[in-house]
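We did not get these values from a lab; they are worked out from the coordinates using the rules stated. What you see is a predicted model; the values in this text were computed from it and never measured. Backbone-built Cβ (ideal geometry, glycine too); neighbour counts: all protein chains shown.
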Amino acid sequence: MIGTNKCPNCGENKKPWFPLCWKCSEKEKNKPICEKCGKHTSNGKPLCLDCWKEKEEAKKEIKKVDYVKKTKVKDYKKNFESGKIYDSPFGKVRSKSELIIAIFLHANDFKKIEYEKTLFINDVYYKPDFIIQEDNKTVILEHFGMSGDEDYDKNMEHKKEIFTKYCKENEGIEFIYTTEEDIKNIKDKLGYRFNKNTSIHRDMWN
């Protein structure tokens, strides 16, 4: 005997060499199949119940990750902005020395100043204190307000090297810096650096 002549699904007669009768075979062929695992789905949807649950759990995990990322960015921005406490002609700045520099720039008719604008250099984000634009000239101005601290001094030299190299590689961009000692005579010190090290000149600095 080759096999039973009754269909195990409906009990109708079938050919002994087929596992199901013709009607049940057609039904099986037309049953929707899960796009992920290949099993038949009973609800006519593209995923079976197990794969659907797995997908929903994955969505929840993605939402959690996105929420954490957004929260971190929000907190970072909040903490970053909270350090800006002095009102300058170009918006809030972080220190009295930066305020003095901003007033100097304003007094000398610089109109387009961006404070702590993000620069992406060698896969690293930097925020130089001032980016100054006049005509087709751009100057990066960084103020180094501390000295004598080993970590700060290393970071200061690193920034000098990075910004100097960046300007050499990008025509029309120049770099100057100030120290806390320069703030005592900002007019002469910074004016001198503009005239000597940049293409932005003034006959008299205010």
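For the reader, a short list of remarks on this structure follows.
- Pairs of Cα atoms nearer than 8 Å and 6+ residues apart set the relative contact order; for the chain it is 10 percent.
- Prolate/oblate/rounded call for the stretch 93-197, Cα gyration tensor, a/c under 1.5 rounded: oblate
- Proximal aspartates and glutamates to Lys96, defined as alpha-carbon separation beneath 14 angstrom and excluding residues fewer than eight positions away on the same chain: Asp87, Asp129, Glu180, Glu181, Asp182
- Applying a threshold of 22 Å to the alpha-carbon distances of Lys84/Lys137; Lys137/Lys168; Lys127/Lys165; Lys36/Lys60 flags Lys84/Lys137 as lying beyond it.
- Fraction of antiparallel bridges per DSSP, the chain only, in percent to nearest 5: 70
- Here's how it looks for Thr178: its modeled amide H is under 5 Å from those of Glu142, His143, Phe144, which are all 5 or more places away or on a different chain.
- Distant-in-sequence amide H partners of Ile121 (H built 1.01 Å from N, under 5 Å): Tyr126
- Principal-axis tilt of helix 96-107 within the chain, Cα atoms, nearest 10 degrees: 70
- With neighbour counts taken as other beta-carbon atoms within 10 Å, the residues Arg94, Arg202 rank, fewest first, as Arg202, Arg94.
- Calculated P(r) tail over 25 Å for the chain, as whole % of Cα pairs: 61
- Cross-link table Lys154/Lys184; Lys92/Lys154; Lys59/Lys92; Lys92/Lys187; Lys63/Lys112; Lys27/Lys59, entries beyond 29 Å C-alpha to C-alpha: Lys59/Lys92; Lys63/Lys112; Lys27/Lys59
- Residues in the stretch 151-164 carry Karplus couplings, in order, of 5, 5, 4, 5, 5, 4, 5, 4, 5, 4, 5, 5, 5, 4 Hz; the curve used is 6.51 cos²θ - 1.76 cosθ + 1.60 with θ = phi - 60°, and Gly or Pro positions show x.
- Between amide H atoms placed 1.01 Å from N, distances below 5 Å from Ser88 occur with Val93, all of them 5 or more places distant or on a separate chain.
- Cα gyration tensor shape of the stretch 139-206, rounded if a/c is under 1.5, else prolate or oblate by comparing a/b with b/c: oblate
- Modelled label positions at Ile85 and Asp66, each set 7 Å beyond Cα in the direction of Cβ, lie 3.8 nm from each other.
- Counting only DSSP H runs of at least 4 residues, each contributing -39500 (n - 2.57), and dividing by the residue count of the chain, the helix-based mean residue ellipticity at 222 nm comes to -14000 deg cm²/dmol.
- Whole-Hz ³J(HN,Hα) from phi, Karplus 6.51 cos²θ - 1.76 cosθ + 1.60, for the stretch 114-121, glycine and proline x: 10, 9, 6, 6, 6, 10, 9, 10
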